[in-house]
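> Got a structure for you, written out below as structure tokens; questions coming shortly.
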Amino acid sequence: MSINLFDLTGKVALVTGSTHGLGMAMATGLGNAGATIIVNGNSSQTKLDAAVAAYKELGINAHGYLFNVTDEKAVQENIQKIEAEVGVIDILVNNAGIIKRTPLVEMEVADFEEVIKVDLVSPFIVSKHVVKGMIARKQGKIINICSMMSELGRNSVGAYAAAKGGLKMLTQNMATEWAKFNIQTNGIGPGYFATSQTEPIRVDGHPFNDFIVNRTPAGVWGDPNDLQGAAIFLSSNASNFVNGQVVYVDGGILATIGKPSNED
Ligand code: GCO
């Protein structure tokens, strides 16, 4: 009998920030692999309902829950609702995040703190409440969405880099504390992808657009669907002895110092 290590049938996956962008792409991959998807948005019920309908259009069993991942009371209440109404959460993808592009010397402390709160504190909040069930069942998968900025700095994204660098280490600490309960905690580090978050720096002719195409050995911006394989792998039995790792899906950016613009 052949065993499909990547089959997620019967699993329930909560993907925070999954009404659009990379979260939606990864959640769609998990759904196509058989998982039931808990779709999360934090602001608009209309947007959440539209996203759930889009998943269902693809034949994915999806349920929407509107809550702000930085609000511990709302997180706790919604996780209880999800586990009562849909089922226990087997897979958690901490994807929700924001970015503020401001040089550090000009950045307001409140703005810096908001980026840290959403991108670093909220994965802690959501994981802390989801993992209790995983510990009780001695099984679970947690994936934290890191970034190139978990490894590299860049002008104007200092708060984001501090958060994503911290998220890499938080991933390693979650792995350290929870592996003994058969819970695997890992990260995915996306390179530069064509999403609404990167739209302002991706428009044709924008110097950053040319820079990234040149800095990425694959020579292109990533397609969000390119993240589905890593998400399925880290959510499945195929990664049961993988812990504390960040899988970089970056077209080769971290592998190279780059090349002069006149080189192919
Ligand atoms: C930026 C980009 C990056 C990417 C991604 C790279 O301003 O440099 O928005 O932050 O979104 O995080 O891994």
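> Whole-Hz Karplus ³J(HN,Hα) for the range 88-99, in order, using 6.51 cos²θ - 1.76 cosθ + 1.60 and θ = phi - 60°, x for Gly and Pro?
Along the range 88-99, the couplings run 5, 8, 8, 10, 10, 10, 7, 10, 3, x, 10, 9 Hz.
> Sum -39500 (n - 2.57) across every DSSP H segment of at least 4 residues in the chain, then divide by the residue count to get the 222 nm mean residue ellipticity, nearest 500.
Value at 222 nm, helices only, nearest 500: -12000 deg cm²/dmol.
> Also, I was wondering about something else. Can you list residues from other chains, or at least 5 along the same chain, whose modelled amide H is less than 5 Å from the amide H of Ile142?
For Ile142, whose amide H was placed from the backbone, the distant partners under 5 Å are Leu92, Gln184, Thr185, Asn186.
> I want to make sure I understand the PRE zone here: with the label point 7 angstrom from the Cα of Asp7 toward its beta carbon, which residues in the range 222-242 have backbone N atoms less than 15 Å away?
Residues passing the 15 Å test: 236-238.
> Further, regarding this structure: Which far-off residues, 5 or more places away or on another chain, put their amide H under 5 Å from the one on Gly191, with H placed in the peptide plane?
When sequence neighbours closer than 5 places are left aside, the close amide H contacts are Val249, Asp250.
> Read phi for every residue in the range 246-256 and hand back ³J(HN,Hα) as whole Hz from Karplus 6.51 cos²θ - 1.76 cosθ + 1.60, θ = phi - 60°, with x for Gly and Pro.
Values per residue, Gly and Pro as x: 10, 8, 8, 10, 9, x, x, 3, 6, 8, 9 Hz.
> Let me have the relative contact order for the range 103-241, percent, based on Cα pairs under 8 Å that are six or more residues apart. Could you put the intermediate results ahead of the total?
Details: 156 pairs, mean separation 34.0, N = 139.
About 24 percent, as a whole number.
> How do 223-229, 12-18 rank on mean C-beta neighbours within 10 Å, highest first? Before the final figure, lay out the partial values.
Values: 223-229: 17.3, 12-18: 26.7.
Averaged packing, sorted descending, gives the order 12-18, 223-229.
> May I ask you to list, by number, the DSSP H helices of the chain whose Cα span along the axis is at least 15 Å and whose average Kyte-Doolittle hydropathy reaches 0.5 or more? All intermediate terms of the calculation are to be shown ahead of the outcome.
Numbers: long enough: 21-32 (17 Å, 0.77); 45-57 (18 Å, -0.39); 72-85 (19 Å, -1.11); 122-137 (23 Å, 0.56); 158-178 (29 Å, -0.13).
Taking the DSSP H segments of the chain (at least 15 Å long, mean hydropathy at least 0.5), we get 21-32, 122-137.
> Quick one: 3J(HN,Hα) in Hz for the range 189-201, Karplus 6.51/-1.76/1.60 with θ = phi - 60°, rounded, Gly and Pro as x.
Listing the rounded values in order: x, x, x, 9, 10, 7, 9, 5, 5, 9, 3, x, 10 Hz.
> A follow-up question, please. Search the structure for amide H atoms under 5 Å from the amide H of Val246, placed 1.01 Å from N in the peptide plane, and list their residues when 5 or more places away or on another chain.
Under 5 Å from the amide H of Val246: Gly187.
> Taking only protein heavy atoms and a 1.4 Å probe, what accessible area per residue, in Å², does the chain have with all protein chains in place?
47
> Hey, another quick one. If you roll a 1.4 Å probe over the chain with all protein chains in place, what percent of the accessible area is carbon or sulfur?
Solvent-exposed carbon and sulfur of the chain make up 54 percent of the total.
> Okay, next question. Using a cut-off of 15 Å between alpha-carbon atoms, which aspartates and glutamates can reach Lys138, once sequence neighbours fewer than 8 places away in the same chain are excluded?
Asp90, Glu177
The values are calculated or read from the model by the stated rules, or taken from the named source; none is laboratory data. The structure presented is a predicted model; accordingly, all values stated were derived computationally and were not measured. All Cβ positions, glycine included, derive from the backbone under ideal geometry; neighbour counts span all protein chains shown. With ligands, DNA and RNA removed, areas are computed over all heavy atoms of the protein, side chains included. Shrake-Rupley method; radii C 1.70, N 1.55, O 1.52, S 1.80 Å.
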